[in-house]
Amino acid sequence: MASSSSPLTELPSSPSSPVESPSLHQPLVTPVRFFPISLAELSLRAVLKCGQTFRWNQSFIKLHPSLKTSFFANEDSKSSLGHGITECEEWSMGWNDRTIVLRQDDLGVHYVALYPPSATEAFELDSKSDTTYERLKRYFVLDVSLVALYREWSRRDPIFSTKVASGKWDGLRVCRQDAWETMVAFICSSNNNIPRISLMLSRLCATFGDPMPTAPLGVTLSPEDRLRVKPSEDTLLPCLFSFPTPSRLSQPDVHDQLKQLGFGYRANYVFQTSARLCEIAKKAQQEGHWPLPDASTIEPQDQKPILGGEPDQYLDHLSQKPYEIAHGALVNQFPGIGRKVADCICLFGLGFVQIVPVDVHVYQIAIRDYQIQVASSKKTKPSQTKPVNISPSKVELSSKGPVSKSNYDEIQKQLHQLWGPWAGWAQQILFLADLKHPNLASPIKKKRKLSQVIL
């Protein structure tokens, strides 16, 4: 269990809170707690803004200099900042029943959970057993050594080794996110960029979610360092909301409201997917098992009573199935989910860490850097360039147009062979590194910002 410091159980209400709700006033707040981890194993800045998760809010805090003589964080009081540190950042998100706020320094991650006043049972359990840490441990997959994976990928792949040699991409791991939220997020990701996806999900939560507790900036700091926070216009963390349930998003009023919120054609996909998930859950409760890929084969575990029967539990069920079954269920049962979106849901939400989603960027990387030869619709000669560490099929080369099924299969197979059982994580690292690469294949030879990239 992580360590704790700076007990704080209640925060004063703020007249500047924009939403009048009990959940925003006098929340129940856990102590500031901490778990040690190196920046090479986890970098919040890299992980939370790299296009895999879209709802974390980044807040910058300016601080007055400390009167202490030390220029380093005090290891005896891990929430204390050093004298030379005059700014830091916090990350916050409304997460089911609580708001979670994170801050990272060289020693590890400091975190606080805030609960609505009515959630005394959950708050007391968290205060006693640190359920927030268990949630973070699963979310960031902290039982896996990223440094060891980097070593393995570098051993397997000289190109990977070269691209990460600077250390710029250290700490970039793939999160195991809530499957339902991941499903909606990547439905919204089609032909879209990261800032707009984040904006759409923010509007979605503000319209259909529940208000979540809001804390002042610096809530993860020690009491001493909170006194150092400089006054600013933004004295509170952003207004936060929970992610709406499938049941809420399947209501008749949702489709038109999503249109008004700027979802465009995706409004229908989100609405229909929510409704379909609710239908599946209702039918499963009646029949006593979740839908099966083959009705003639009912496995013993599928005959067990369905506990709760909440719609999003179907996604948890799929996470326990083989990838082929889970992927097929997503593509065949839900509108707006094609092969690549389904693979993103499998990787980021269902825990299939071996899966490499192949979009146009990964396609370009596969051809340009790894010289994987794939079929082309044009009559061109096969590439004569030898591949690196892989044995591509002798088919024609193309780097333009949509990714066909055969090309998708070929690239996914060979990258999995190259990077091994955690290939999906390696792909995310090279995906981000490539977006900052000056030689990214584009009409203009210059670096592209992550915010400009269409996912």
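Listed here are the residues, each with its yes/no results for (1) in contact with a helix residue (DSSP H, G or I) (Cβ under 6 Å, 6 or more places away or on another chain); (2) surrounded by fewer than 21 Cβ atoms within 10 Å (Cβ to Cβ).
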| site | (1), (2) |
| --- | --- |
| VAL164 | no, yes |
| ASN192 | no, yes |
| GLY218 | yes, no |
| LEU221 | no, no |
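Taking the residues in the stretch 414-430 that are farther than 23 Å from ALA40 by Cβ and touching a helix residue (DSSP H, G or I) at 6+ places or on another chain (Cβ under 8 Å) as candidates, determine which candidate is surrounded by the fewest Cβ atoms within 10 Å (Cβ to Cβ).
Looking at the filtered set, the residue picked out is HIS416.
Quick check on my filter: what residues within the stretch 376-420 are in contact with a Pro (Cβ under 9 Å, 6 or more places away or on another chain) and either among the acidic types (Asp, Glu) or modelled with pLDDT of 90 or more (or both)?
GLU396, GLU410, GLN412, GLN414
Given the structure, is ARG138 on the phi < 0 side of the Ramachandran plot, basic (Lys, Arg) and free of Cβ contacts under 8 Å to residues at least 40 places away in the same chain?
Criteria met by ARG138.
What is the one condition in (1) closer than 18 Å to LYS283 by Cβ; (2) modelled with pLDDT under 95; (3) out of contact with any Phe, Trp or Tyr (no Cβ under 7 Å at 6 or more places or on another chain) that GLN373 does not satisfy?
Checking GLN373 against (1) closer than 18 Å to LYS283 by Cβ; (2) modelled with pLDDT under 95; (3) out of contact with any Phe, Trp or Tyr (no Cβ under 7 Å at 6 or more places or on another chain), the one that fails is (1).
Which helices (runs of 4 or more DSSP H) does the stretch 145-192 wholly contain that include 1 or more residues that are charged (D, E, K, R) and over 11 Å from the mean Cα position of the chain (by Cα)?
146-156, 158-163
So, in the stretch 193-223, exactly how many residues are in a helix (DSSP H, G or I) and within 16 Å of ARG103 (Cα to Cα)?
Counting residues in the stretch 193-223 that are in a helix (DSSP H, G or I) and within 16 Å of ARG103 (Cα to Cα) gives 1.
Check ASN332 against each of (1) modelled with pLDDT of 95 or more; (2) touching a helix residue (DSSP H, G or I) at 6+ places or on another chain (Cβ under 9 Å); (3) surrounded by fewer than 22 Cβ atoms within 10 Å (Cβ to Cβ); (4) of a type outside the set (A, V, I, L, M) and name the one condition it does not meet.
All conditions pass for ASN332, except number (2).
Working only within the stretch 344-356, note down all residues that are touching a residue at least 24 places away in the same chain (Cβ under 8 Å) and under 20 Å from GLU410 (Cβ atoms).
CYS344, LEU347, PHE352, GLN354, ILE355, VAL356, listed by residue number.
LEU258 - would you say it is under 22 Å from TYR139 (Cβ atoms) and crowded, with 20+ Cβ neighbours inside 10 Å?
Criteria not met by LEU258.
Being on the phi < 0 side of the Ramachandran plot, assigned to a loop (DSSP other than H, G, I, E, B) and either modelled with pLDDT of 95 or more or touching a Lys or Arg at 6+ places or on another chain (Cβ under 7 Å) (or both) narrows it down to one residue among GLN251, GLN272; which is it?
GLN251
Any idea which of ALA40, ALA46 is modelled with pLDDT of 90 or more, of a type in the set (A, V, I, L, M, F, W, C) and outside any loop (DSSP other than H, G, I, E, B)?
None of the others qualify; the one that does is ALA46.
Pairs please, first residue from the stretch 106-124 and surrounded by 22 or more Cβ atoms within 10 Å (Cβ to Cβ), second anywhere and in a helix (DSSP H, G or I) and among the basic types (Lys, Arg), Cβ atoms under 9 Å, 6+ apart in sequence or on different chains.
The qualifying pairs are ALA113/ARG135.
The values are calculated or read from the model by the stated rules, or taken from the named source; none is laboratory data. Quantities reported herein were computed from a predicted structural model and do not represent experimental measurements. Counting neighbours? That spans all protein chains shown, and the Cβs are built from the backbone with ideal geometry, glycine included.
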